[in-house]
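One structure is given below, encoded as structure tokens.
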Amino acid sequence: MKLFSVINIILLISVRINATAYEALNSWYHPHSLAMVGSGSSLHIAESDRLNPSLMFSNEQLLTIGRVQYPADISSQMVQIVLPHNYGTLGGTIRHVSYGIFEGFDENGNPTANYAAGDSWVTISVAKRLFAGKVHWGVSTGFLFSNLGEYSSTILTGTTGVSLNLSKYNMHTGLAIRNLAVSIKDYSSAEMNFPAILNLSLAKGLAYLPLKMALDIDYGLYNRLMTFHLGGVFVLPYNTQLRFGTSSRRIDQLSQINLIRDFFTDTGLGITITNHQYIIDIGTYIYGTGGSVIAIGLGLRL
């Protein structure tokens with residue numbers, strides 16, 4: 001049963017990012033990105049440094065913690081601090097994906113020591129506001145350390161983005177290039193393909209509803225595949241927000257067996273509750289095999 005769950009999760013991650021390696025570059029680490037299913041790159045959210053660093057710009061100091069729990073003991077975590085300065089906003093983030101602990105066997109099938117698999121990603125980000133806030137620009141760079149038992153690899157990563165604040169239309173639009181990478185140390189001599197993505201995003205507040213809709217278009221620079229993400233944020237009383245999202249990947253996850261399951265497949269939902277100092281987030285994502293992913297997040301204004 002555990003093996004079946006592991007296979008489901010591996011397939012889920014592979015489908016979500018359209019990549020052949022380095023899944024951590026496009027995994028979810030916080031309820032914001034999980035609940036919106038990859039949309040919201042033109043909104044200021046907890047993972048803006050990874051999606052479009054220009055939207056990380058902030059006037060407040062904030063410490064953010066996130067955890068996403070998959071079935072089969074697979075999980076991802078993040079810790080981030082955002083500090084405003086005169087020249088812009090500086091952010092530092094540590095992310096980790098744990099794929100679990102596995103039983104080891106030699107070539108003859110004899111048991112050996114157990115081994116762990118995981119990815120750790122350390123980044124720094126800078127966001128700056130230009131032209132009286134009409135244009136935001138940002139960049140993020142860091143190192144991704146990937147480990148599989150005694151084997152390891154290291155890559156240098158980079159993401160850059162720009163966004164326009166069209167306040168007259170209550171709209172933000174953004175353009176980002178994610179996951180530019182240079183290999184420093186490889187697992188082997190086999191060629192690895194990095195999941196570089198060109199992202200175009202749009203977010204607009206509706207005139208007669210307390211709702212911001214978000215549309216993202218991801219284009220894989222390696223595999224030439226295009227994915228559409230649609231989501232939104234309801235701004236409710238008592239400092240509460242409701243988030244939702246889906247994507248064009250739901251077509252690939254339809255089972256054609258269970259109508260209710262197909263209706264909710266590739267759907268994310270989340271809630272944010274804020275008081276003067278704390279920000280609490282809870283999110284979930286439902287995928288086509290009938291499983292779900294749960295995420296929690298905590299923000300602390302410093």
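For the reader, a short list of remarks on this structure follows.
- Kirkwood estimate for region 91-147, i.e. one over the average of 1/r between Cα atoms, Å: 14.7 Å
- Note on Ile260 and Val135: the extension gain reaches 40.7 nm, defined as 0.36 nm multiplied by sequence separation minus the Cα-Cα distance.
- When the pairs Lys128/Lys168; Lys134/Lys204; Lys128/Lys212 are compared against a 19 Å limit on Cα-Cα distance, Lys128/Lys168; Lys128/Lys212 fall above it.
- Each residue of region 213-219 was assigned a 3J(HN,Hα) from its phi angle through the Karplus expression (A = 6.51, B = -1.76, C = 1.60, θ = phi - 60°), giving 8, 10, 10, 10, 10, 9, 10 Hz with x at Gly and Pro.
- Note on the chain: along the principal axes its Cα atoms extend 68, 47, 39 Å, ordered by decreasing extent.
- Fewest-first sequence of Met171, Met78, Met56 by Cβ atoms within 10 Å of each Cβ: Met171, Met78, Met56
- Axis of helix 2-17 versus longest Cα principal axis of the chain: the two differ by about 40°, to the nearest ten degrees.
- Calculated translational diffusion coefficient of region 139-185 (10 °C, 1.306 mPa s; Stokes-Einstein with Kirkwood radius over alpha-carbon pairs) equals 123 µm²/s.
- Cα pair distances exceeding 20 angstrom across region 198-302, given as percent: 53 percent
- Convex hull volume of the C-alpha atoms in region 30-99, normalised per residue: 76 Å³.
- Computed [θ] at 222 nm, deg cm²/dmol, the chain (DSSP H ≥ 4; -39,500 (n - 2.57); rounded to nearest 500): -3000 deg cm²/dmol
- Cut-off of 10 Å, at most 15 other beta carbons, DSSP loop: longest stretch of the chain lacking such trypsin sites (Lys or Arg not before Pro): 1-133
- Where GluC sites (Glu not before Pro) in DSSP loops with at most 13 other Cβ within 10 Å are excluded, longest remaining stretch of the chain: 192-302
- Legend: ranking of residues Phe263, Phe145 from fewest to most surrounding C-beta atoms inside 10 Å; resulting order Phe263, Phe145.
- Ranking of Thr173, Thr159, Thr112, Thr246 by count of other Cβ atoms within 10 Å, fewest first: Thr112, Thr173, Thr246, Thr159
Since every read-out is calculated from the coordinates, none of them should be taken as a lab result. Remember, predicted model here, so these are calculated numbers, not experimental data. As a convention, Cβ positions derive from the backbone with ideal geometry for all residues, glycine included, and neighbour counts pool all protein chains shown.
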